[in-house]
Amino acid sequence: MRIRPLQILLALAGLWICTSVLADSGWQVVDVEGRDYLSVENIAQFYQLQIAPGADAQHVTLSAAHASIETLTNPREINVNGVKQWLSFPVLCRDGKLLVSRFDLAKTIEPCLRPAMIGNLELFNTVVLDAGHGGQDGGGHTLTGSEKDYTLDVIRDLRQSLEAKGLRVVLTRDHDEYLSLEQRADFANSIPDAVFVSVHFNSGEAEANGLEVYAMTPRGAASTSDTHAALDQLEQMPGNDFDNASLALANCVHHAVLGSLDTTDRGVKRARFAVLRLTHSPAILIEGGFMTSGADSREITDPTWRRKLAEAIVVGVRSYQNVVQYKQAPKLVADYRAEQSAANVVAVAAVASAGNSNLLPVSNHRAAFGLQHRTTMITVPARKR
Ligand SMILES: [Zn+2]
């Protein structure tokens, strides 16, 4: 391990998306087996975060009022602003220092912490919605239905809500038909000024549950599912021009859904799925829950829950639109949960007030029922992450 001078960092500036990162003179790049890393102290200094040590040398939290970064047990996972992010390269511990790859700083941490500073954010007026699977490709199955039908139902709700917000919406499919992944991407690429949102439901081990949102893996980086990918292969893997914008869109949607629904955070992940790789616009793929999990599948088969999922996705897309259009910092999962808690307090007050009224006893019962439901949703602890 050796410290490389700032001049070398500047010579490698092509990878950096944010010029303000470059402009800072405080970076000290650490070379570990040919890959560039930065210490968490260096990162904390740049983003003006305070460091709090964790239970052991592998764990640390960097935080301030405006942002937080936390290393997790899996060295390829970190928590940024309250949600899990999957890194391309593990966090290393060398000579008592925790090191984060420069690549992950530029391609994950920076666009997570400062999405409004992503260089090529483009205004959009259209959302291309893609219901996963269709026709002879049913996707996953629950005891009562197929993924292709649940995704189409969510997409139809999404269309209605997004159009109500003034956005133009086009669907890759609006009925039960088979489309190849390439056809979906080609269709998306024929629509100007758009973002692409694909909805799926997951399959896996019986105990697997929760939400994943995917964005395109950057060039030269490992996808989340890559475990032993050779570096020379990684260098040849393509990225696209929108991987940072796609990550920002993925984050906006991930925060909004986690802030609204009681579901497990499996993280914002990276993959070279065809619909992400071939689409020439910010593009995400949402895995809204596991068809193979008892708890998740009960929710997926519930039309009311699917409606809530669609509403949360709409909130996330609108949050991304505000980042693009107004350079507005997106709401975080904690903001959404605080809003829900505040709404619950208002509901409690409304019920208490109604309870003192002699005029509307019937509506008291209705309100009390609704309150009980909402209180349960909020006070039940989030599932173990
Ligand atoms: Zn699927």
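Of all the numbered requirements in (1) surrounded by fewer than 24 Cβ atoms within 10 Å (Cβ to Cβ); (2) under 23 Å from residue 252 (Cβ atoms); (3) of a type in the set (A, V, I, L, M, F, W, C), residue 216 misses one, and that requirement is (1). When 290, 242 are screened for being aromatic (Phe, Trp, Tyr) and at pLDDT below 95, only 242 passes.
Taking the condition in the same structural domain as residue 314 (by TED's automatic domain parsing), acidic (Asp, Glu) and farther than 23 Å from residue 292 by Cβ, does residue 177 pass? Yes, satisfied. Count of segment 68-99 residues, restricted to those that are at positive phi, modelled with pLDDT of 95 or more and not polar (S, T, N, Q), is 1. For segment 89-123, the set of residues classified as touching a Ser or Thr at 6+ places or on another chain (Cβ under 9 Å) and β-branched (Val, Ile, Thr) consists of 91, 100, 108, listed by residue number.
The single residue among 258, 247, 285 that is in a strand (DSSP E or B) and either buried (at least 21 other Cβ atoms within 10 Å of the Cβ) or assigned by TED's automatic domain parsing to the domain that holds residue 79 (or both) turns out to be 285.
Given the criteria β-branched (Val, Ile, Thr), away from the ligand (no atom under 16 Å from the Cβ) and touching a strand residue (DSSP E or B) at 6+ places or on another chain (Cβ under 9 Å), does residue 78 qualify? Taking the combined requirement at face value, the residue satisfies it.
Got at least one residue in segment 295-313 being modelled with pLDDT of 95 or more and on the phi > 0 side of the Ramachandran plot? No: zero hits. The strands (runs of 3 or more DSSP E) located wholly in segment 105-213 that include 2 or more residues which are in contact with a helix residue (DSSP H, G or I) (Cβ under 8 Å, 6 or more places away or on another chain), in contact (Cβ under 8 Å) with a residue 12 or more places away in the chain and within 12 Å of the ligand (Cβ to nearest atom) occupy 126-131, 194-202.
The values are calculated or read from the model by the stated rules, or taken from the named source; none is laboratory data. Just so you know, these numbers come straight off a predicted model, no measurement behind them. Don't worry about glycine lacking a Cβ; one is built from the backbone with ideal geometry, like all the others, and counts go over all protein chains shown.
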